[in-house]
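The values are calculated or read from the model by the stated rules, or taken from the named source; none is laboratory data. What you see is a predicted model, and the numbers here were worked out from it, not measured in a lab. Methodologically, a virtual Cβ is constructed for each residue, glycine included, from the backbone with ideal geometry; neighbour enumeration extends over all protein chains shown. Note: accessible area is taken over every heavy atom of the protein model, side chains too, but ligands, DNA and RNA are not part of it. Shrake-Rupley method; radii C 1.70, N 1.55, O 1.52, S 1.80 Å.
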Amino acid sequence: MRRAFPALIIFGFALGVFSESFFAFGWPFALLIIIVSVFLYIFSRFKEVGVLAAISVLLFSFGFGILRYEIKDNASVSSELQPIVGQKVLLEGFVSDEPDERENSTRLILKTNDGDKILLVTNRYPEFSYGDILEVSGALKEPDSFSDFDYKAYLAKDDIFLEMVFPEIEKVGSGGGSKIKSALLEIKKKYLSGLARVLPEPNASFIGGLTVGARKSMPSDILENFRKVGVIHIVVLSGYNITIIARAFAGALGSFLPRILSAFFGVAGIILFAILAGASATVIRASIMAAILYLAGSAGRVYQAKIALFAAGFLMILYNPKILRFDLGFQLSFLAALGLIYLSPHFARFVKWLPQRFKIREYGLATLSAQIAVLPLLLQNTNSISLLTLPANLLILIFVPITMFFGALSGVSAWVHPWLAVPFSWVAYFLSSYELMVASFFANIPFSSINF
Amino acid sequence: MRKFFEKYQPRYIFLGSLFLAAAVVWFAVFHFENDRLVVAFLNVGQGDAILINTSGDQQILIDGGPNKQVLAELSKVMPFYDRSIDAIILTHPHQDHVGGLVEVLKRYDVDFVFDSGDGASLAEFAEFNKLIKEKNMKEVKVRRGMRILLGGGAYFDVLLPDVFLDSENQHQNMVVGRLTYGNTCFLLTGDMEREQEFKILNDDIDCDVLKVGHHGSKTSSSESFLKAVSPEIAVIQVGAKNRYGHPYQAVLERLSASVAQVFRTDVSGAVIMESDGRDIIVK
């Protein structure tokens, strides 16, 4: 019974967080449950009833889940800004996240000196970067929710409660925020502009998405194609891409460093890469898993993978309980990983007809189990199913690792000189063109996806 | 067998890539060499962007649409390894003409920039000017009477602006020109309005192709102007469901009454024409 305690703790905690996000029990209720569970545990020790002990552990963590969510949910606009919400104001702060560049506007997160985070919707130019210190003046207001999407709650999960739409912005300095993050984002910017110098669009954006999760610049019709045929996960930097990068990194280090050192640098590398890639919930989940598996030194073994998945999920919800309900990326990536671990052994017999060469069977099995696991959530959120996911994924996934390899090489070498990148960028161009072509081919087949 | 393959895989990938690269070079050599002038009216949504590819293999881009959509459009009409555009002509510094040029300047090697010298407080335009300075491009202010030789026998005659007006309205200093290749001619109008149309009515503007001014707005394409140009083909560069209601119904009627073929980028996507110096074919 005692061996089940870690599972019970994680499950109870997640359940607590989840229920609180819907029912708002409040902290007195959480305290009551925690106290009851403590008495129950003591009682179970006297009577030596295993089931009671288990229930008390479950209740205890359930109570803590409620409490954790309650603390997060109580965060709100600071008392300095509270009285001026709804007015035209002048504020100073620094850009605290990578600018999110859309087709015709840019979204910036401004962190004020009082620690409030404000969403700025602004023009594409002039461009700002992470750490820039800005003076903005405009109307400070609460975000509006769309009819079918709770935008306010979506922003609130990252403690953003206010927005300014097209304010006047003046850059008054730079160097705000973390030096490490700023340096990493600068590297990413150089890498992406290197890609843009040697590859045409949309190939440059596609390879940017594949290697460092830079989705911002993909043309919307191409993203739509990817969504339609169910291969969007490869351009938003899923666990799959991170695993490829972590393995390549570990392999390279392991070949010349002693084991302990290479483990240390490997994990450090994964962490730095997660920051560089934008540290979205999906990226962090995949990175924690990759790091744990890497440390365990047994990538691919089911038992370790299970532990890694639940540990990653637990740590992330502990850090930000709101992602459990309001971050679709986290939900999808967690479910897909669950599918890979728990469903794939059962589906193995359905893909026996696929050849083993080039890992075709492995990719087929992974696609099938991940897609089935995310199906309910995808149906609820997009109201559509792609029918050609399996062939599209197979035809694309086999070439993704080598595309990432040549793509990364072209971006890095273009940094030195565009001519140096020529051999790599040509290969990367053909591979990425092939993948884009497969996606658009399948997306344009009638009934490739069904809408409800 | 499998072991053999695993052992030699990297070598095969490398050799395969080299072979592929060689094949591409030869394909490119045979495919892209021609004696035709290609004019591509790109589909950049609500905005203008026209790529001219001369038989001397020079590329000239007139305007760049509102945003980076122009990049994907350029890739469709340029070979992928060509990372240079020889010259850019900016008709006037409005968002829907200069916006996309910022990314073009960042990604392509550009030698010349031609414009009227009109200023604007637009952030895109400031960024555009900053890049011209940073990258040491040659900037030329164009006036009526200038002829830009585009290579391969094609040239662009500047019809407007004739005098530079100190005006808030950037349409007043619009760069308008006639692209000539052999006996074929394209009239490229930017957002020219009726007032400027009258200024060039007495010029030799009888052309085969007219880029309809200002996305088909009612401020352009007057009856007498259309008569003077008497084009066989008219192209309207316009975005689907744009908020200005372009193109204007009466302009469409006027065009269909006097022009044999009218193309719209919002309906048929990019419109690509080829001229051999005698005839123009729409691809």
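Could you pull out every residue, at least 5 positions away or on a different chain, whose amide H is within less than 5 Å of the one on B:PHE263? Hs are placed 1.01 Å off N in the peptide plane, and Pro or chain starts have none.
Placed amide hydrogens put B:ALA234, B:VAL235, B:ILE236 under 5 Å from B:PHE263.
Say each of A:GLU170 and A:TYR319 gets a label point 7 Å from the Cα, pointing the same way as Cα to Cβ; how far apart are those two points in nm?
Result for the modelled spin labels: 3.7 nm.
Mean Kyte-Doolittle of at least -1.0 and a Cα length of 27 Å or more along the axis: which whole DSSP H helices of chain A meet both?
Sorted by number, the helices that extend far enough and score high enough are A:27-47, A:50-73, A:179-198, A:360-382, A:422-443.
Compute the separation of the alpha-carbon centres of the stretch B:196-218 and the stretch B:64-97 and state it in Å as a whole number.
Between the Cα centres of the stretch B:196-218 and the stretch B:64-97 lies a distance of 23 Å.
Can you tell me which aspartates and glutamates have their Cα less than 14 Å from the Cα of A:LYS152? Leave out same-chain residues fewer than eight positions away.
Those aspartates and glutamates meeting the cut-off are A:ASP73, A:GLU142, A:ASP144, A:GLU163, A:ASP327.
Under 5 Å between amide H atoms, partner at least 5 residues away or on a different chain: which partners does B:LEU160 have, H built in plane at 1.01 Å?
B:VAL176
Run through the stretch A:216-284 and list the chymotrypsin sites (Phe, Trp or Tyr not before Pro) located in a DSSP loop whose Cβ has at most 13 other Cβ atoms within 10 Å.
A:PHE256
Hey, any idea what % of the stretch A:219-309's accessible area is carbon plus sulfur with a 1.4 Å probe?
Of the solvent-accessible surface of the stretch A:219-309, carbon and sulfur hold 71 percent.
What shape does the stretch A:96-230 take by its C-alpha gyration tensor, where a ≥ b ≥ c are the square roots of the eigenvalues and a/c under 1.5 counts as rounded, a/b above b/c as prolate, and the rest as oblate? It would help to have the intermediate numbers written out before the result.
Working: a/c = 1.99, a/b = 1.26, b/c = 1.58.
Oblate, because a/c is 1.5 or more while a/b does not exceed b/c.
Where the only charges are on Cβ atoms (+1 Lys, Arg; -1 Asp, Glu), what is the dipole of the protein assembly as shown about its Cα centre, to the nearest 20 debye?
Taking the Cα centre of the protein assembly as shown as origin, the dipole is about 4180 debye.
Which residue, B:GLN261, B:GLN196, B:GLN172, has the most motion in a Gaussian network model of chain B that connects Cα atoms within less than 10 Å?
Looking only at B:GLN261, B:GLN196, B:GLN172, the largest GNM fluctuation is found for B:GLN261.
Checking the a/c ratio against 1.5 first, then a/b against b/c, what shape does the Cα gyration tensor give for the stretch A:261-416?
rounded
Taking only protein heavy atoms into account and a 1.4 Å probe, give the accessible area per residue of the protein assembly as shown in Å².
Accessible area per residue: 48 Å².
Distance between the C-alpha centers of the stretch A:151-194 and the stretch A:284-358? Whole Å please.
29 Å
Amide H neighbours of A:ASP97 under 5 Å, at least 5 residues apart or on other chains, H built in the peptide plane: list them.
Amide H neighbours of A:ASP97, under 5 Å, 5+ apart: A:ILE109, A:GLY131.
Measure nothing but the geometry: give the 0 to 90° angle between the long axis through the Cα atoms of B:249-258 and the longest principal axis through the Cα atoms of chain B, rounded to 10°.
Rounded to the nearest ten degrees, it is 90.
Can you give me the % of accessible surface on chain B that is carbon or sulfur? Probe 1.4 Å, all protein chains present, nothing else counted.
Whole-percent figure for carbon plus sulfur exposure: 53.
Pull up the cross-link candidates among the lysines for A:LYS111, meaning alpha carbon to alpha carbon under 16 Å and not fewer than 8 places away within one chain.
Within the straight-line limit of under 16 Å, A:LYS111 reaches these lysines: A:LYS141, A:LYS157, A:LYS171, A:LYS179, A:LYS181.
Among B:GLY65, B:GLY213, B:GLY182, whose mean-square fluctuation peaks in a Gaussian network model of chain B (Cα, cutoff 10 Å)?
Residue with maximal mean-square fluctuation among B:GLY65, B:GLY213, B:GLY182: B:GLY182.
Of B:VAL70, A:LEU272, A:PHE314, which is farthest on the positive side of the dipole of the protein assembly as shown, counting Cα position, with +1 on Lys and Arg Cβ, -1 on Asp and Glu Cβ, and the Cα centre as origin?
After comparing all options, I get A:PHE314.
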